[in-house]
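In what follows, a structure is listed as structure tokens, so that the remarks can point back to it.
The values are calculated or read from the model by the stated rules, or taken from the named source; none is laboratory data. Computed from a predicted model, the values in this text were never measured in an experiment. Reconstructed Cβ throughout: ideal geometry from the backbone, glycine too, with neighbour counts over all protein chains shown.
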Amino acid sequence: MPATIKSLQVSYTTADCAMGSVLLAWTAQGLCAALPGPDAAALLHDLQRRLPGAQLHALAADSGHERSAAVVAALNGASDPLSFALDPQGTEFQQRVWQALRDIPAGQTRSYAQLAQAIAQPGAVRAVGTACGANPIAVLIPCHRVVRSDGGLGGFHWGLNLKQQLLLREGQA
């Protein structure tokens, strides 16, 4: 995690999307989390776990509506380009993996081994899988597009059922 995590200011809200409830969190630099989950309390706990020590501020219901609507549209499958920056918080290695994930086109998949090769660390297949599991921005950083070398789904932080649904939506699975 970044050394400045304790000084990180994060605003968040919850919304509904095709995946159910989702917590959306923002730093001054951009969207730092899009976390689907069962309920607002569980989602806030997940954000606190991911950003220990960060200063978290709930957005008023009418604040940030335009940004939130754009994220929800993207989570629901809209193909419009994002009009905001992503600011996932993680290690340098995680950042490299998450950038490689963003390079996988919709409708395509890569294996964990291929992703490890893409970041020039072919021996780091397990670490790549761990970084995928730590992805804080569901769908927009498309870790669901990574599968096992044998074509099996592998893992997914938000459940294999959702992973399969996302791949089917994109025309893969």
Residues satisfying the stated conditions in segment 57-96, i.e. part of a loop (DSSP other than H, G, I, E, B), in contact with a Ser or Thr (Cβ under 7 Å, 6 or more places away or on another chain) and assigned by TED's automatic domain parsing to the domain that holds S21: L59, G64
Counted residues, segment 20-66 - those being more than 16 Å from the chain's Cα centre (by Cα) and among the basic types (K, R): 0
Residue identified as touching a helix residue (DSSP H, G or I) at 6+ places or on another chain (Cβ under 8 Å) and farther than 15 Å from P136 by Cα among Q9, Q55, Q89, Q94: Q55
Some residue of segment 97-117 being of a type in the set (F, W, Y), assigned to a helix (DSSP H, G or I) and not assigned by TED's automatic domain parsing to the domain that holds A18: yes
Qualifying residue in segment 135-142 (condition: touching a His at 6+ places or on another chain (Cβ under 9 Å), assigned to a loop (DSSP other than H, G, I, E, B), of a type outside the set (F, W, Y) and crowded, with 17+ Cβ neighbours inside 10 Å): yes
Complete set of residues in segment 140-161 that are over 17 Å from Q114 (Cβ atoms) and touching a strand residue (DSSP E or B) at 6+ places or on another chain (Cβ under 7 Å): L140, W158
Answer from G155, G129, G123, G171 - the residue that is farther than 21 Å from A18 by Cα, in a loop (DSSP other than H, G, I, E, B) and either among the basic types (K, R) or more than 13 Å from the chain's Cα centre (by Cα) (or both): G123
Failed condition for Q114, given (1) among the polar types (S, T, N, Q); (2) more than 16 Å from C32 (Cα to Cα); (3) modelled with pLDDT under 95: (3)
